[in-house]
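Scroll down for the structure; my scribbles are underneath it.
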Amino acid sequence: MSELRRDPLLDRWVIIAEERQLRPQDAPSSAEYELPTVDADSDPFAAGNERYTPAEVYAIRPNGEPNSPGWTVRAIPNKYPILRVEGDLDPRGYGVYDKLEGIGAHEVVIETPSDLQLRDLPLSQIYDVLNTFRLRMEDLTRDKRFAYVMVFKNHGRSAGATQSHSHSQIVALPIMPVRVREQLTALQQHWQLKRRSLFQDIIDQELRQRERVVFENESMLVICPFASSFPFELQILPKRQSADFRQASVEELRDLAEALKASLLKWKGALGEVAYNMMLHTAPNDTRQGSIYQEFPLIDTYYFWHIELLPRLTKTAGFEWGTGHYINPVLPERAAEYLREIEVELS
Ligand SMILES: [Zn+2]
């Protein structure tokens, strides 16, 4: 059982998950990108190997029984979860410290039964993956113990992946992520000053200036953020204000599938194979306590769900850990111009 411990100096929770070190593929390796190749027989996420994973919680399944082949997207509990669903948070003080039981949910979304990577899947399949994120979010947010549900993807060893089969993860947390709280604080301050959403102002300025725009379609915008922490970092934003990813429309998810595929293919064209992290940020969950909405009552007015894409080209080291600031060796405008000009095939 993992536990959450609060660092009182940084007001930041840490998940202590000792059993995670038992993961079989975690053996250290010098390879930055490569993961051990698995043949179809030993790939637990391949069609036909459903018995090697926990029972599915959701699947898009044109054929077959649950937990057998015939699916196209499959969501399962993580076999090595950082947090567990069963139990109570049981908050306890410990002198100046606080801790909670490691309650939450940790799922894996297997994006395809094939050995293709996300960027190489057809748009209709990427749509199905995104819609699976949405549906799992709808389900997990019903549990009022969970303050936040985040989808993320680790691709490549240096991005933290331990399976080469294309997949994403969903984590439901009992605490509010610091990154989300920091953004909400900035959004609230901007709203109090200008009565406008900071996200909306960023989108308006990016569409006016266009120098950091990488791709756009009817409802989505892809930019290299003005203060990118990492070279070739990308952000995908919906043009229409929408705080909650669960409420994304069919058209928006179609456009998002296209924007995501374009982003990943442009990276491929510019950088070759690259390890990366993808994070989907949405509005916090309305918990039983409802405290975050008391603190930030206008979340639904000023927040925009969005996707962050971080290629792992640089290492975070002493400077970054010591200061909390990043050094980015590539001008975001130059990265955007370069990526903009790379032609991609979208189908
Ligand atoms: Zn974000």
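Read-outs throughout are calculated quantities, based only on the coordinates presented, and are distinct from any laboratory measurement. Small disclaimer: the values here were computed from a predicted structure and weren't measured. Using ideal geometry, Cβ is built from the backbone for each residue, glycine included, and neighbour counts are taken over all protein chains shown.
R0 = 41 Å: FRET efficiency of Thr301 with Ala40, Cβ-based, nearest 0.05?
Details: r = 49 Å, r/R0 = 1.20.
Calculated value: 0.25.
When a/c is below 1.5 the answer is rounded, else prolate if a/b is larger than b/c, else oblate, so apply that to the stretch 246-347 with a ≥ b ≥ c taken from the square roots of the Cα gyration tensor eigenvalues. Each step should come with its number before you reach the end.
On the way: a/c = 2.67, a/b = 1.29, b/c = 2.06.
Oblate, since a/c reaches 1.5 and b/c is not below a/b.
Which of rounded, prolate, oblate describes the stretch 96-204, given a ≥ b ≥ c as roots of the alpha-carbon gyration tensor eigenvalues and a/c under 1.5 marking rounded, otherwise prolate only if a/b is larger than b/c?
Values: a/c = 2.06, a/b = 1.36, b/c = 1.52.
It is oblate, given that a/c is not under 1.5 and a/b is not larger than b/c.
Can you give the convex hull volume of the alpha carbon atoms of the chain per residue, in Å³?
Details: hull volume 52.6 nm³, N = 347.
Hull volume normalised by residue count: 152 Å³.
Which order do the peptides 191-203, 157-169 come out in when sorted by mean C-beta neighbours inside 10 angstrom, highest first?
Numbers: 191-203: 14.9, 157-169: 19.2.
Top to bottom by mean Cβ count within 10 Å: 157-169, 191-203.
As a test of the formula, what do you get for the chain when each DSSP H run with n ≥ 4 contributes -39,500 (n - 2.57) and the sum is divided by the residue count, at 222 nm and rounded to the nearest 500 deg cm²/dmol?
-8000 deg cm²/dmol
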